[in-house]
Amino acid sequence: MTVDLMPERTAQLTEWRDWIRDQLNTCTAFWLEHGMDPVNGGVYTCLDRQGNVYSTDKSVWMQGRCAWTFSYLCHVYGTRPEWLEAAKSCLDFLEDHCVNHEAGDRLYFTVTAEGAPLRQRRYNFSEGFYCIGNAEYYGVTGEAVHLERARRAYQLIYDLNNGLIEDPTGMGPKTIAETRSGRALGDAMIFLNIIGIMRRVDPAHTAEYDQHARECTQRIVGEHYRPELGCTLESVNLEGQPELWYTAGRVVNPGHDIECSWFMMDEANYRGDAELHETAEQIFRLAIEAGWDKEFGGLLYFIDAKGLPPEAYEHDMKLWWPHNETMIAAAKAYRDTGDEYYADWLVRTLEYCREHFADPEYGEWYGYLRRDGLPTMPSTKGSTFKGPFHVPRALCMTEQLLTEIIGDER
């Protein structure tokens, strides 16, 4: 729909868009200058505030995510050699060093600077980010080998998520399966995002992607989304039912829920499904209302579905990525509905990010804040989990959404 903007709102959103554009430029420059490894290939993400490497171990997640980010920037803004080179470096490093061929081509979680394996994890998110990195790069370059790699990883993830194969790593679930088994929101929501990327670059398999996307949304809406509890649960049992008598069964991650909401908005828009879009909006509303810290501002990391004490020691921290997801989700919801509620939350989140996460002196954003908004690691910009992904993705997508809403590309 076309948003009918008042002049004051237009001026406000235009100002924020200009700030976002500046942040995107400094953020991408930070990683290109400091993160890329010219010797071994790939990207370092353990960087201090000024961009110095404080650990040379490499996150496999971040190799795939970095490849996706710089490929996606080429997709949105046009190909730039430095972006394509960064993406290719990460993809080559992944292929040469990060695939565990003795474990069914599962990927490692961390490797050394040179690529020697350090750690394997049971979760298949390394495979997911390898998949989207290759897929997005294929979408920009048309190099078929990258689509082939993405398709193989896609099938592996689908098989693992649906119990069609035994995990070739032999690691198995975290809990004793005979005592307690369940399903995680993260599996369905991340795969839904992967599907959206794959469907865009690989229309030949649209029917397959459409079917798998329906499976994901059915699982999210039918099992994890719990309006009677006022939340979306991180985990349910194998029958899709809540288990609320222990802490892990009551965990709510507001940032995950908000990220999930915009994945579902994209799918709803693709299908023309108004009901699914309304559900996605409600997931956003429940998460932001319950998770926003009424005293200090910002989004809490974990909350408990019944208001009981969360067990995770980091539950009241403020992390960068949930706020990045809120930027995207609020902007998408505002574009799609014109409801000022979402514009208000977008501006409120941007104000918090500018005040607490952004670093005007050295660029990029801090990742980890105390509840009161002060950085827990004031000298760091990256880690095993934080690299060139959430911040540039949010800045790029929000900039594009605001340009669409404002209707002015200046």
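The values are calculated or read from the model by the stated rules, or taken from the named source; none is laboratory data. Quick caveat, the model's predicted, so the values are computed rather than measured. Heads up, the Cβs are rebuilt from the backbone with ideal geometry, glycines too, and the neighbour counts pull from every protein chain shown.
Consider PRO203 against the criteria (1) in contact with a Leu (Cβ under 8 Å, 6 or more places away or on another chain); (2) exposed (fewer than 15 other Cβ atoms within 10 Å of the Cβ); (3) not aliphatic (A, V, I, L, M): it satisfies all of them except one. Which criterion is unmet? Only one criterion is unmet by PRO203, namely (1). Of the listed requirements (1) out of contact with any strand residue (DSSP E or B) (no Cβ under 9 Å at 6 or more places or on another chain); (2) charged (D, E, K, R); (3) part of a loop (DSSP other than H, G, I, E, B), ASP159 misses just one: (3). Just one of (1) farther than 24 Å from ALA67 by Cβ; (2) of a type in the set (Asp, Glu); (3) not in a loop (DSSP other than H, G, I, E, B) fails for GLU399. It is (1). Looking at (1) free of Cβ contacts under 8 Å to residues at least 12 places away in the same chain; (2) of a type in the set (Val, Ile, Thr); (3) crowded, with 16+ Cβ neighbours inside 10 Å, which is the one condition that is false for THR110? Failing condition for THR110: (1).
Restricting attention to segment 368-381, the residues that are under 22 Å from TRP61 (Cβ atoms), in a loop (DSSP other than H, G, I, E, B) and in contact with an Asp or Glu (Cβ under 8 Å, 6 or more places away or on another chain) total 1. Would you confirm, using the coordinates I've provided, whether ASP304 is of a type in the set (Asp, Glu) and under 19 Å from LEU319 (Cβ atoms)? Spelling it out, ASP304 is indeed of a type in the set (Asp, Glu) and under 19 Å from LEU319 (Cβ atoms).
Just to verify a result, which residue in segment 34-75, among those that are aromatic (Phe, Trp, Tyr) and outside any loop (DSSP other than H, G, I, E, B), is surrounded by the most Cβ atoms within 10 Å (Cβ to Cβ)?
Once the filter is applied, the top-ranked residue is PHE70.
So for segment 342-350 (the condition being in a helix (DSSP H, G or I), in contact (Cβ under 8 Å) with a residue 60 or more places away in the chain, buried (at least 18 other Cβ atoms within 10 Å of the Cβ) and among the small types (Gly, Ala, Ser)), does at least one residue qualify? Looking through segment 342-350, at least one residue is in a helix (DSSP H, G or I), in contact (Cβ under 8 Å) with a residue 60 or more places away in the chain, buried (at least 18 other Cβ atoms within 10 Å of the Cβ) and among the small types (Gly, Ala, Ser). Taken together, GLU228, GLU166 contain a single residue that is over 24 Å from TRP262 (Cα atoms), acidic (Asp, Glu) and surrounded by fewer than 17 Cβ atoms within 10 Å (Cβ to Cβ), which is GLU166. Every condition in (1) in a loop (DSSP other than H, G, I, E, B); (2) at pLDDT 95 or above holds for TRP31 except the one numbered (1). Here GLY407 meets each of (1) among the small types (Gly, Ala, Ser); (2) under 17 Å from GLU15 (Cβ atoms); (3) under 17 Å from the mean Cα position of the chain (by Cα) with one exception, condition (3).
Confirm whether HIS315 is within 22 Å of the chain's Cα centre (by Cα), over 28 Å from PHE70 (Cα atoms) and modelled with pLDDT of 95 or more. Yes: the conditions hold for HIS315. Scanning segment 86-95 for residues that are under 12 Å from THR141 (Cα atoms) and either of a type in the set (S, T, N, Q) or surrounded by fewer than 21 Cβ atoms within 10 Å (Cβ to Cβ) (or both) gives a single hit, LYS88.
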